[in-house]
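K.L.:
Have a look at this one before I ask anything.
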Amino acid sequence: MELSLMTWPEVDVRLAQGACVMLPTGSTEQHGPMGLIGTDAICANRISLAAAELCDGLVAPPLNYTPAPFNIGFPGTVSVTTELFQETLKQVCEGLLAQGVQGVFIVNGHGANLEPARAVAAALPEGLVRIQSWWDPEPVAKMRAQMFGDWEGMHATPSEIAITQAIHGSKPEGAAAEPPEKLSPEYIAAHSGDRHGPPDEHRARFPDGRVGSHSALATPKQGERLLTTAAAALAKDFRNFCDSRISAKA
């Protein structure tokens, strides 16, 4: 259930029963010639909502304005500082916990969010905040590898494009019809967590916005499968998190 669509008495009842909350985090940034600007937030939010239906969970409004400085050379990207995002995320988590929420389960959709999110989790009492990127559970990672192999790449990935296609339909492929430069394992390891360079250098290296990702391989059918698989995995992890928090509170 979406927190923003509940009344305060409804929330009060859920808190009295013992409740944790999913908090989606995404970005507002380019995702290549056929990817939506809101891709990261769309994926994290929709997967959270689908998971909540499976486990009767609560989903807070997503945080969409996050660090993406490497992409500001592309129109549509809005980046905030890591410090601002970290402080905002911390205050949102603190606000939820102060209301009586027993734990915050961050559902992440953007690599650059991970470092500040981990700092927030470390700054709060142990166990109150957990971070889960939607693509990390084993069934999801396995499906992505089977569908796209090395062409999953790092940014404007066919898996995330497929999920947005399942939700909002497909955009024309444009320049994405041609495969991008394939990345080496060394490059991927060195730049994980969106550790990319200055925006002018980043756009010069990846002029259409894709980073090793062949977005045109995506289809809505694949997106439906990925969404279903990710939601099931997330619901399981969220249930376990809630159980651990309620047990700790007892």
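The values are calculated or read from the model by the stated rules, or taken from the named source; none is laboratory data. Bear in mind the structure is a predicted one, so any value in this text is a computation, not a measurement. Here the Cβ is made from the backbone with ideal geometry for all residues, glycine too, and neighbour counts use every protein chain on show. The accessibility values were calculated without ligands, DNA or RNA, using every heavy atom of the protein model including side chains. Shrake-Rupley method; radii C 1.70, N 1.55, O 1.52, S 1.80 Å.
K.L.:
All but one of (1) surrounded by 14 or more Cβ atoms within 10 Å (Cβ to Cβ); (2) of a type in the set (S, T, Y); (3) farther than 29 Å from E126 by Cβ; (4) out of contact with any helix residue (DSSP H, G or I) (no Cβ under 9 Å at 6 or more places or on another chain) hold for S213; which doesn't?
P.N.:
All conditions pass for S213, except number (4).
K.L.:
Let me ask something additional. Please name all residue pairs, on different chains or six or more residues apart, with Cβ atoms under 8 Å, provided the first residue is in the range 221-241 and is closer than 19 Å to Q165 by Cα and the second residue is open to solvent by 40 Å² or more (accessible area, probe 1.4 Å) and not in a helix (DSSP H, G or I).
P.N.:
A230/W135
K.L.:
For the range 68-89, does any single residue satisfy the condition of being over 30 Å from G197 (Cβ atoms), at pLDDT 95 or above, open to solvent by less than 60 Å² (accessible area, probe 1.4 Å) and not aliphatic (A, V, I, L, M)? First the steps, then the outcome.
P.N.:
Quick first cut of the range 68-89, residues over 30 Å from G197 (Cβ atoms) only: none.
Checking the range 68-89: not a single residue is over 30 Å from G197 (Cβ atoms), at pLDDT 95 or above, open to solvent by less than 60 Å² (accessible area, probe 1.4 Å) and not aliphatic (A, V, I, L, M).
One line per residue, one yes/no per condition, for (1) under 23 Å from the mean Cα position of the chain (by Cα); (2) at pLDDT below 95; (3) closer than 22 Å to N108 by Cβ:
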| residue | (1), (2), (3) |
| --- | --- |
| H155 | yes, no, yes |
| A162 | yes, no, yes |
| A166 | yes, no, yes |
| P172 | no, no, no |
| L183 | yes, yes, yes |
| D194 | yes, yes, yes |
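K.L.:
Confirm whether A141 is surrounded by fewer than 18 Cβ atoms within 10 Å (Cβ to Cβ), of a type outside the set (D, E) and at negative phi. Reasoning before the result, please.
P.N.:
Values: surrounded by fewer than 18 Cβ atoms within 10 Å (Cβ to Cβ): yes; of a type outside the set (D, E): yes; at negative phi: yes.
Against the criterion (surrounded by fewer than 18 Cβ atoms within 10 Å (Cβ to Cβ), of a type outside the set (D, E) and at negative phi), A141 qualifies.
K.L.:
Could you tell me how many of the residues in the range 92-109 are open to solvent by less than 70 Å² (accessible area, probe 1.4 Å) and without any contact (Cβ under 8 Å) to a residue 24 or more places away in the chain?
P.N.:
Summing the residues that are open to solvent by less than 70 Å² (accessible area, probe 1.4 Å) and without any contact (Cβ under 8 Å) to a residue 24 or more places away in the chain in the range 92-109 gives 1.
K.L.:
Filter the range 43-73 for residues that are out of contact with any Pro (no Cβ under 9 Å at 6 or more places or on another chain) and of a type in the set (A, V, I, L, M); which is nearest to P180 (Cα to Cα)?
P.N.:
A68
K.L.:
Pairs under 8 Å by beta carbon, first residue within 14 Å of G223 (Cα to Cα) in the range 146-157, partner among the β-branched types (V, I, T), six or more apart or different chains?
P.N.:
These pairs meet every condition: F148/T157; A156/T39; A156/V211.
K.L.:
A further question follows. Only one of (1) part of a helix (DSSP H, G or I); (2) within 28 Å of A232 (Cβ to Cβ); (3) touching a His at 6+ places or on another chain (Cβ under 9 Å) is not met by F70, so which one is it?
P.N.:
For F70, the exception is condition (2).
K.L.:
Another question, then. Inside the range 99-116, can you point out the residues that are under 18 Å from T39 (Cβ atoms) and out of contact with any helix residue (DSSP H, G or I) (no Cβ under 6 Å at 6 or more places or on another chain)?
P.N.:
The answer is N108, G111, A112, N113, L114.
K.L.:
Moving to a separate point now. Restricting attention to the range 110-137, and to residues there that are surrounded by fewer than 17 Cβ atoms within 10 Å (Cβ to Cβ) and in contact (Cβ under 8 Å) with a residue 40 or more places away in the chain, which single residue is farthest from R195 (Cα to Cα)? First the steps, then the outcome.
P.N.:
As a first pass, look at the range 110-137 and keep what is surrounded by fewer than 17 Cβ atoms within 10 Å (Cβ to Cβ): 115, 118-119, 122-127, 136.
Adding the requirement that they be in contact (Cβ under 8 Å) with a residue 40 or more places away in the chain leaves 115, 127.
Numbers: E115: 11, G127: 27 Å.
Top of the filtered list is G127.
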